[in-house]
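Reviewing the structure listed below.
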Amino acid sequence: MIKSISNRRSIRKFKETAIPKEMVEEILNAGRLAPSSKNRQPWKFTVVSGRSKNEMLLLMKQGLLREREGVSLLPNSKQHLAAAEYTLEIMKQAPITVFVTNPLGIELSDSLNEEDRIYEICNAQSIGAAMENMTLTATELGLGSLWICDIYFAYEELSRWLGTEGTLVAAMSFGHPDECPRPRPRKRMEDIAEWRM
């Protein structure tokens, strides 16, 4: 098994140490080289650090507050808000967060016909492959990463701020790890694999 796959962990404690631009470029290049459905390459990466990081954190906080007290995009997910607030604290520690948008994506509020839904599924798989390449490359470089879906609690705020065409899909924070977590339990092979011969 490739060592970076077995060594990769979701890191929730980062050191303040900056990441050299060359390392970030290597991570982004790994994402760019991922396979994609019909070679659509449905991704755009926005690297956030420095002063922009403070703006992003404020918007994330505003989104969480709106979800808790105002108009909610995810009304059935309020039980996950505390975890999302914890994620915000992790994002504060990480020197860099990369947002991934899908320039070909369809707005969340749009209704989809069957073909559009399939395209969205295929594009999501492609973006997942890009992000997996990125997290494994970070591991190989001695960095830690956290794949973040809690950004959907601040989807409107962050999407407006990013200002890119398409839809916001995910984010990943990167930094030098300040922890070495144990591997989390995985389902047994016999519970997830079915062989038909």
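The values are calculated or read from the model by the stated rules, or taken from the named source; none is laboratory data. The shown structure was predicted, so the numbers you read here are calculated from the model rather than taken from an experiment. Cβ coordinates were reconstructed from backbone atoms using ideal geometry, including for glycine residues, and neighbour counts include every protein chain displayed. The accessibility values were calculated without ligands, DNA or RNA, using every heavy atom of the protein model including side chains. Shrake-Rupley method; radii C 1.70, N 1.55, O 1.52, S 1.80 Å.
Building the convex hull from the alpha-carbon atoms of region 72-169 and averaging its projection over directions returns 7.2 nm². The lysine pair tally for region 1-120, using Cα distances under 24 Å and a gap of 8 or more places or different chains, is 20.
In the chain, the calculated helix contribution to ellipticity at 222 nm averages -14000 deg cm²/dmol per residue, counting -39,500 (n - 2.57) for every DSSP H run with n ≥ 4. For THR17, the solvent-accessible surface computed with a 1.4 Å probe is close to 70 Å², ligands and nucleic acids excluded. Taking 7 Å steps out from each Cα toward its Cβ at ASP191 and ARG40 produces label points 3.4 nm apart. Of the accessible area of the chain, computed with a 1.4 Å probe over protein heavy atoms only, carbon and sulfur atoms account for 52 percent. Per residue, the chain exposes 62 Å² of solvent-accessible protein surface, assessed with a 1.4 angstrom probe and all protein chains in place.
Entry for region 124-197 at q = 0.15 Å⁻¹: log10 I(q)/I(0) = -0.76, Debye formula applied to identical alpha-carbon scatterers, no solvent contribution.
Grab the alpha carbons of region 11-90, take their convex hull, and tell me the volume per residue in Å³.
In region 11-90, the Cα hull volume divided by residue count equals 150 Å³.
Bin by bin, in steps of 10 Å, what percent of the Cα pairs in region 57-110 do you find, going until the bin that has the longest distance? With a bin width of 10 Å, the distribution comes to 19, 43, 36, 2. Solvent-accessible surface (1.4 Å probe) assigned to ASP178 amounts to roughly 90 Å². For the chain, the longest piece that avoids every one of the GluC sites (Glu not before Pro) found in DSSP loops with at most 13 other C-beta atoms within 10 Å covers 17-106.
Between CYS149 and ILE2, the simple spin-label model (points 7 angstrom out along Cα→Cβ) gives 2.2 nm. Grouping the Cα pair distances of the chain into 5 Å bins from zero gives a pair-distance distribution of 1, 7, 14, 17, 19, 18, 13, 7, 2, 1, 0, 0 percent in increasing distance order.
The trypsin sites (Lys or Arg not before Pro) of region 127-189 that meet both conditions, a loop assignment by DSSP and at most 13 other Cβ atoms within 10 Å of the site Cβ, are ARG186, LYS187, ARG188.
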